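All of the numbers you see were taken from the coordinates with simple rules; none came from a lab. For clarity, every value in this text was computed on a predicted model and none was experimentally measured. Because the Cβ atoms are built from the backbone with ideal geometry, glycine has one as well, and the counts that use them run over all protein chains shown.
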């Protein structure tokens, strides 16, 4: 009699390799392993083969880099999504895509459950579980690491007992995750926010001190908020990010040291490397400054924060996301043009920006003969603009406290006597 199946998000690491056998023993399910290429630099076919050797009845490996960039990464860039103003959300963006693909294969294999290797302390368990509950509420969710609560030693002992392959990575000093959009590093000495991250924590970026002495300038082209070219040459989104990771990383750009607020209620010290993401965010923001109105730019800051929180909190497949994306698509329709960026010693400098839709007009900004700005209108505008403040000062603030009672407020007026 055929046994029920479960789709397991499989990375090839210790946790998910042990999970294959553990699920088999604990739940009696046959395990189908799912692995995808998000640009993490791994040989996913080798991981697929390991899954089969570990006991999976089937193993799937697929390249979803372009899907990831086009439907997750670039929309987040268009939204200006940086969690708490710092983190480009690389891991957060990858989880809903992985979960969606797992649901797809769960239907193909008529699986009864889905499983992941997340702990009970992190954000990823929320991102996976909420996506599964949203897209396939009928599927059982299994989270072995959250359920077994073993120590690292107990987990290794289980692996040895069952002949599960162990790699040197299982003894690594940091916990890492990476894809095209960024790399995250945590645990070990990094758990002390007073300790400077050691060199071993970084793989994509050189120390800014050791970066080349000569700056390097590049040009990035955008179409409706999406990056489409590098140095004048049209390039596929995934390849563009990959090249920017290389170029910016060698100049020491992309290191982020952040004590962030996790969804589960704790603060966590995280180290991120996101060279390409930070360059693109900087360039994109500068292009917005010449193509969006002041009101649109400032309102978008609220949307950016809401969008960042939504991604971080695992609510990608929500109606609110669809609503926010409708605004972003409209907001970005004129964010088209080119941005020049100079990279040097860990810093990104925007040195030029242009667009056929630019709202920066030379004839209005210049003080030279081409000036078309009507300065004669300024006096009347200033009087109307300041009318309420002048009225309030005359009838309230400069008359003293109301009712004769002194209300102690910090003064906004500097003293008349200066020693």
request  = With springs only between Cα atoms under 10 Å apart, run a GNM on the chain and tell me which of 373, 360, 83 wobbles the most.
outcome  = 373
message = Taking the Cα centroid of the stretch 365-385 and of the stretch 1-31, what is the distance between the two, rounded to the nearest whole Å?
response = 71
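In what order do 299, 74 fall by count of nearby beta-carbon atoms within 10 Å, going from fewest to most?
Numbers: 299 14, 74 20.
Fewest-to-most ranking of 299, 74: 299, 74.
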task = Sum -39500 (n - 2.57) across every DSSP H segment of at least 4 residues in the chain, then divide by the residue count to get the 222 nm mean residue ellipticity, nearest 500.
result = -11500 deg cm²/dmol
request  = Take every DSSP beta bridge whose two residues both sit in the chain, then give the antiparallel share in percent to the nearest 5.
outcome  = 70
Gyration tensor verdict on the stretch 195-337 (Cα atoms; rounded if a/c is under 1.5, prolate if a/b is larger than b/c, oblate otherwise) = oblate
key: Euclidean distance of C-alpha centroids, the stretch 51-68 and the stretch 268-286, integer Å   = 29
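Determine the percent antiparallel among the DSSP beta bridges restricted to the stretch 5-171, to the nearest 5. Before the final figure, lay out the partial values.
Details: 1 of 18 bridges.
Of the beta bridges lying entirely in the stretch 5-171, close to 5 percent run antiparallel.
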Cα convex hull of the chain - mean projected area over all directions, nm² = 30.6
Relative exposure of 399, 255, 262, judged by other C-beta atoms within 10 Å (fewest first) = 399, 262, 255
query = Between residue 63 and residue 357, what is the spin-label point distance in nm, taking each point 7 Å from the Cα along the Cα→C-beta axis?
reply = 3.2
task = Springs between alpha-carbon atoms under 10 Å, Gaussian network over the chain: tell me which of 96, 75, 88 tops the mean-square fluctuations.
result = 75
Between helix 90-108 and the chain: long-axis angle, C-alpha atoms, 0 to 90°, nearest 10 = 40
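Would you mind ranking 325, 78, 397 by Cβ crowding within 10 Å, fewest neighbours first?
Working: 325 15, 78 23, 397 11.
Going from least to most buried by this count: 397, 325, 78.
Based on alpha-carbon atoms only, what is the radius of gyration of the stretch 133-241 relative to the globular estimate 2.2 N^0.38 Å?
Working: Rg = 21.3 Å, N = 109, 2.2 N^0.38 = 13.1 Å.
It is 1.63.
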inquiry  = To test your reading of the geometry: what angle, between 0 and 90 degrees and rounded to tens, separates the Cα axis of helix 319-331 from the longest principal axis of the chain?
reply    = 50
query = In degrees between 0 and 90, to the nearest 10, how far off the longest principal axis of the chain does helix 237-249 point, with axes built from Cα atoms?
reply = 80
